[in-house]
Amino acid sequence: MKNFIKVCLICCCSILLWSQETPVKAAEEAPAPKEESTVKKGVKSTVTKIISVGKEALSGVDAGIDEGRKQGESTDGAKIVTNAAELDKLLSIKVLKVEPLEENTAGSEKADDKKNKPKNYQVTLAVKNDNDYIVRITNLSDLQAIVLLDKDDFSYPLNSFASDINAIQKSNTRVRYVFYNVEGEPTTVRFLGKDLKIEQ
């Protein structure tokens, strides 16, 4: 839904800006080499404005959707969390375990090759909700929402879709994520900007 709104906004902004500047008209009137340069400058200027307005519009759409979700009453009465401050205020979260996922290899690899090969890890988090209402954590598919960090602080963003977490009132919720091609030993999970240490 969010992406559809973004695409529609970009299209609308593009049409509006394109209609205000008509470098193609100048090309039809005088197709001399000197005018082509003017056309090129006009197109460049228009495209620059489209991209600039589009980026600002997308930022506004994101902020508007988040604010709208928080202000409107959800059908299940859930409170919405979109950042670390709201997370700290409404929930507690910790890493339960991190485990490497075994790959099915034919045994032809040497021990040294297996040791140095990047690994895939499954991370299990526990989300605790002590409130009398559901808390929904959103925007988890954003690139920086859920990131695994290794001992050398290299980052491995979650590269798959992460659905919202619905933390049911007065209970714990277990969630799992898989991180691929991790080259170092995992030490931290960054969740909505909050660093969660992995206990060894």
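The values are calculated or read from the model by the stated rules, or taken from the named source; none is laboratory data. This structure is a prediction, so every number in the text was calculated from the model and none was measured. As a convention, Cβ positions derive from the backbone with ideal geometry for all residues, glycine included, and neighbour counts pool all protein chains shown.
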Seminar exercise, completed: If we ask which residues in the stretch 130-161 are in a loop (DSSP other than H, G, I, E, B), surrounded by fewer than 17 Cβ atoms within 10 Å (Cβ to Cβ) and under 19 Å from the mean Cα position of the chain (by Cα), their number turns out to be 8
For this session: Go through N83, N129, N120 for me and flag whichever is at pLDDT 65 or above, in contact with a helix residue (DSSP H, G or I) (Cβ under 8 Å, 6 or more places away or on another chain) and either assigned by TED's automatic domain parsing to the domain that holds F179 or farther than 17 Å from T173 by Cβ (or both).
Result: N129
Exercise. Mind checking whether some residue in the stretch 60-67 is in a helix (DSSP H, G or I), surrounded by 12 or more Cβ atoms within 10 Å (Cβ to Cβ), modelled with pLDDT of 65 or more and not β-branched (V, I, T)?
Worked result: no
